[in-house]
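Undergrad: Below are the structure tokens for one structure; questions will follow.
The values are calculated or read from the model by the stated rules, or taken from the named source; none is laboratory data. Just so it is clear, the model here is predicted, and its values are computed rather than measured. Glycine also receives a Cβ, built like all others from the backbone with ideal geometry; neighbour counts cover every protein chain displayed. When the accessible area is computed, the model is the full protein with side chains, heavy atoms only, and any ligands, DNA or RNA have been set aside. Shrake-Rupley method; radii C 1.70, N 1.55, O 1.52, S 1.80 Å.
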Amino acid sequence: MSQVITEFISRRELFTQDNQYNQSYVLLFTVASSIIWIMVPGLAFLYSGLARRKSALSMIWICIMSSFIGVFQWYFWGYSLAFSSTSSNPFIGDLHFFGFQNLLGSTPSESDYPEIAFGLFQLQFLLVTLAILAGGCIAERGRFLPSMIFLFCWATVVYCPVVYWIWGGGWAMNYKSGVLDYAGGGPVEILSGVSAFVYSAFLGRRNETLMINYRPHNISTIFLGTSLLYVGWLFFNGFSCGNPSLKVAYSMMNTHICGAFGAISWCLLDFRLENKWSMVAVCSGCISGLVAATPSSGVIPLWASVILGITAGIVCNLSTKIKYLCRVDDSLDVLAEHGIAGVVGLLFNALFGSATVIGYDNVTDHEGGWLDHNWKQLYIQIAYILAVAAYSAVVTAILCFVIDKIPGLHLRIDYNAEEVGVDEDQIGEFAYDYVEVRRDFLDWGNPQVNPNLQAHSIHEGMIDNQLVRIISVNRPEVFNGDANSISSNQDSGSINEKRGHEPQAYLAEHKLQQQRSPQNQQLHPQTQQHIEQQGSDQAHEQV
């Protein structure tokens, strides 16, 4: 038996092309792919922190599920539609690499890496783009099933064609001197920002009756997500040059500079309005700077990234007002922080693009931008921006309209589901266990108070030469309707917390202290007048 197995194995042909590949290239694509993927859970934590507690888990769920959908789409036909080398049109690839066929070792014999490594690397760009968009598809009011179908269709008819335009040999790559888009300002940032905005418009606004005291529920989670994004973004931008060269370190440094100055400028703008050093502002500004660096980090010099970071932070901060002007509930500001920042970065490529920086990989040859007197680069960039934004908006609107009309695939949850939260309606699980405990407690009914156990004590004293009698009532026991059936008071301290209220101070002295004016610690004028009318012999009781 062992002899048969040995003979069968010996029939395998060795993949001799491994000998011609540069190991540093293979490691570049595979290691970078692994670290870039960390941006997906980074986006999940970011969106979860920005949402309210009752919908926190849904944001994590849809972000991670979008990556699984993206893996399937990219393997099925996505890579072929985006990077097919046999397509004869300038708009989209063919199915030559369908199911990753004809891909293993299919690059020319002089290539330094197998094409499957490049396909793995480009997969991460799709996964990050889908995760950015997925948050806007739920946003505390969207349903999972139609959003998953939308993401697969969107990756096929929106993302893959635009990738082919700019990186796969399409019209944008060959238009005039070629569009300058280093790491995805168009296919990653503008597509996700514009499409999320259009999807939010079809979802409609969240019910204002359920938006009382709305705020992000977990700032620490927002910071954690931003940190993961930052790490992945360095590899996302740094290794987009496609070879181990000076350009890797240069684009990483540009990314650092843009993120830093974006965070500073956004935070200062918010401080100007509220006199608070907002952590959410720091994270939002950092992300807008990182996004702006995506198309430009391998194109512009370091000093220009300082200007870009400041500009991106200011412009994106002000762009958060667009959703109010358009009356679209873009609750995660995907358009402002991704779409607009991507536009800013692409425009800076025309203004500050440098042929010297572009050639730091010792491969790419381009005329540069205005720094090299290539004045026509500006309208080339503008034409590309308009084409990408318009195409994504129109096709996304068509997809949303069609999917929403299919029975059982309406995009939005109903009012009752929105009230209890997407977590409970779509998942049945919660990011925090006490959310479920609180809801179960409310289902038990209102606790009753045993009147036989309401012990109290009376305190008398002089306040401002007035005799005041205070009755302090001890915290009552909770029972199930029968005076002899008393529940343990061990948990009574958390009852009000479970019901969503702050623990009440039952001592009447607290209420009396609240009536004092903080300036001079005197009794409130209304209380003083009441005591004077009653006279010193008449006590003021307070329960």
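Undergrad: Exactly one of (1) more than 19 Å from residue 129 (Cβ to Cβ); (2) surrounded by 14 or more Cβ atoms within 10 Å (Cβ to Cβ); (3) more than 24 Å from the chain's Cα centre (by Cα) is unmet by residue 386. Its number?
TA: (2)
Undergrad: It is to be established whether one or more residues within the range 143-153 are open to solvent by less than 10 Å² (accessible area, probe 1.4 Å), closer than 23 Å to residue 89 by Cα and either touching a residue at least 40 places away in the same chain (Cβ under 8 Å) or not in a loop (DSSP other than H, G, I, E, B) (or both).
TA: no
Undergrad: Specify which of the listed residues (79, 75) is among the hydroxyl-bearing types (Ser, Thr, Tyr), surrounded by fewer than 20 Cβ atoms within 10 Å (Cβ to Cβ) and assigned to a helix (DSSP H, G or I).
TA: Only one candidate passes the filter, namely 75.
Undergrad: Determine, yes or no, whether residue 397 is surrounded by 13 or more Cβ atoms within 10 Å (Cβ to Cβ), among the small types (Gly, Ala, Ser) and under 30 Å from residue 354 (Cβ atoms).
TA: no
Undergrad: Just one of 278, 296, 251, 240 is more than 18 Å from the chain's Cα centre (by Cα), farther than 30 Å from residue 23 by Cβ and small (Gly, Ala, Ser); which is it?
TA: Of the residues listed, the single one that is more than 18 Å from the chain's Cα centre (by Cα), farther than 30 Å from residue 23 by Cβ and small (Gly, Ala, Ser) is 296.
Undergrad: What do you reckon, is residue 20 within 30 Å of residue 115 (Cα to Cα), among the polar types (S, T, N, Q) and at pLDDT 95 or above?
TA: It is false that residue 20 is within 30 Å of residue 115 (Cα to Cα), among the polar types (S, T, N, Q) and at pLDDT 95 or above.
Undergrad: Looking only at the range 56-69, decide whether some residue is outside any helix (DSSP H, G or I), aliphatic (A, V, I, L, M) and at pLDDT 95 or above.
TA: no
Undergrad: Give me the helices (runs of 4 or more DSSP H) completely within the range 297-388, filtered to those with at least 2 residues that are closer than 28 Å to residue 47 by Cβ and without any contact (Cβ under 8 Å) to a residue 40 or more places away in the chain, ordered by residue number.
TA: Hits in the range 297-388: 302-319, 322-326.
Undergrad: Do you know which residues across the range 299-316 are open to solvent by less than 10 Å² (accessible area, probe 1.4 Å) and either over 19 Å from the mean Cα position of the chain (by Cα) or polar (S, T, N, Q) (or both)?
TA: 299, 300, 304, 305, 308, 309
Undergrad: Name the residues in the range 377-426 that are among the polar types (S, T, N, Q) and in contact with a Leu (Cβ under 6 Å, 6 or more places away or on another chain), would you?
TA: Once the filter is applied, which keeps residues that are among the polar types (S, T, N, Q) and in contact with a Leu (Cβ under 6 Å, 6 or more places away or on another chain), the range 377-426 yields 381, 392.
Undergrad: Confirm whether residue 118 is open to solvent by 10 Å² or more (accessible area, probe 1.4 Å) and either outside any loop (DSSP other than H, G, I, E, B) or at pLDDT below 95 (or both).
TA: The answer is yes for residue 118.
Undergrad: Could you give every pair whose Cβ atoms fall below 8 Å, whose first residue belongs to the range 407-418 and is at pLDDT below 90, and whose second residue is surrounded by 11 or more Cβ atoms within 10 Å (Cβ to Cβ) and assigned to a strand (DSSP E or B), counting only separations of at least 6 or pairs across chains?
TA: none
Undergrad: Moving on to the next point. If residue 178 satisfies every condition in (1) of a type outside the set (Asp, Glu); (2) at pLDDT below 95; (3) in a helix (DSSP H, G or I) but one, which is the exception?
TA: Result: residue 178 fails condition (3) only.
Undergrad: Return the total of residues in the range 166-220 being more than 30 Å from residue 79 (Cβ to Cβ), open to solvent by less than 20 Å² (accessible area, probe 1.4 Å) and among the β-branched types (Val, Ile, Thr).
TA: 0
Undergrad: Sort out which residues of the range 38-55 are open to solvent by 10 Å² or more (accessible area, probe 1.4 Å) and in a loop (DSSP other than H, G, I, E, B), and write them in order of number.
TA: Result: 38, 52.
Undergrad: Could you check, for the range 350-372, whether at least one of its residues is surrounded by 15 or more Cβ atoms within 10 Å (Cβ to Cβ) and within 28 Å of residue 281 (Cα to Cα)?
TA: yes
Undergrad: Tell me, yes or no, whether the range 332-348 has at least one residue that is over 19 Å from the mean Cα position of the chain (by Cα) and open to solvent by less than 10 Å² (accessible area, probe 1.4 Å).
TA: yes
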